[in-house]
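First up is the structure itself, then whatever we jot down about it.
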Amino acid sequence: MAHLPDALLDGYRKFMSGRYSTEAGRYRSLAREGQAPDTMIIACCDSRAAPEAIFDAGPGELFVVRNVANLVPPYAPDGEFHSTSAALEFAVQSLKVKHIVVMGHGRCGGIRAALSPAAAPLSPGDFIGKWMSLVAPAAEAVAGNTMMTASERQTALERISIRYSLANLRSFPCVNILEGKGRLTLHGAWFDISTGELWVMNKDTGDFERPDVD
Ligand SMILES: [Zn+2]
């Protein structure tokens, strides 16, 4: 018997009578002509920080990769399995996106785990521990700062890790070359799920600022 959770089937019914029916033409032309999104977004798996919802994006507009804590690993052509690097390669080389946005968010569980590495792994594989070790040096530095409160440390590492991922993006030759030619622009953003505030990274200073959206 084919089955999905009722909530998913209910949602699908609403999608078909709502968004799909109003955008059927767009879906059909996307199917015929293929996708050509201008923007790739690297976001967290967190169910509260969905890029398509935050940016009110329709079909074909955003090429999204989501992973725990929206991290980009460094360029490592080592024959291992690199899902985020594969998505990046496709977005840059095939889709030729013009923008890549690394979007972090408040109350990120992955970042929280990185700040308290003493916690026991969730499974013997400790995949989260291994993945979050990408930001271990920064996590250790921030975790040891007793002048900051726990929530200040959390927000600090969420934002530091965005800058770290942007630096790793530039370690990919294709990204570095296209950025140098002015055909690709990198951005950092941080979304506060409790208030809906979006903060955007200033390219010159690395600080996060509220964009003028009114
Ligand atoms: Zn997260």
Q.
Kirkwood hydrodynamic radius, region 95-208, all distinct C-alpha pairs: what's the number in Å?
A. 15.4 Å
Q) What dipole magnitude, in Debye to the nearest 20, does region 44-171 give about its Cα centre under +1 on Lys/Arg Cβ and -1 on Asp/Glu Cβ? A) 240 debye
Q.
Tell me the net charge near Asp6. Cut-off is 13 Å between Cβ atoms, Asp6 excluded, with +1 for each Lys or Arg and -1 for each Asp or Glu.
A. +1
Q: Using only C-alpha positions, report the orientation-averaged shadow area of the convex hull of the chain, nm², one decimal.
A: 16.0 nm²
**Q.** FRET efficiency, Phe90 to Thr149 (Cβ-Cβ, R0 30 Å, nearest 0.05)
**A.** 0.15
Q | Rounded to the nearest 10 Å², the accessible area of Thr22 at probe 1.4 Å | A | 110 Å²
Q.
Report the per residue volume, in Å³, of the convex hull enclosing the C-alpha atoms of region 1-53.
A. 147 Å³
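If you count, for each residue, the other Cβ atoms within 10 Å and average over each peptide, how do 8-19, 125-136 line up from highest to lowest?
125-136, 8-19
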Q: For Phe172, enumerate residues with amide H under 5 Å from its amide H, sequence gap 5+ or separate chain, H modeled in the peptide plane.
A: Tyr75
Q | Under 5 Å, built H, 5+ apart or other chain: amide partners of Asp46 | A | Ala69
Q: Please work out how much accessible surface Glu209 shows to a 1.4 Å probe, ignoring ligands, DNA and RNA, in Å² rounded to 10.
A: 80 Å²
(Q) Just to compare against my own numbers: the Cα pair-distance distribution for region 16-101, 10 Å bins, whole % per bin, please. (A) 16, 41, 32, 9, 1
(Q) Probe radius 1.4 Å, ligands and nucleic acids left out: which of Met147, Met40, Met201 has the largest accessible area, and how do the rest follow? (A) Met147, Met201, Met40
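The values are calculated or read from the model by the stated rules, or taken from the named source; none is laboratory data. In this text the structure is predicted, and so the values were computed from the model without any measurement. A quick note on method: Cβ atoms are made from the backbone with ideal geometry, for glycine too, and the neighbour counts reach across all protein chains shown. Surface areas here come from the heavy atoms of the whole protein model, side chains and all, with no ligands, DNA or RNA. Shrake-Rupley method; radii C 1.70, N 1.55, O 1.52, S 1.80 Å.
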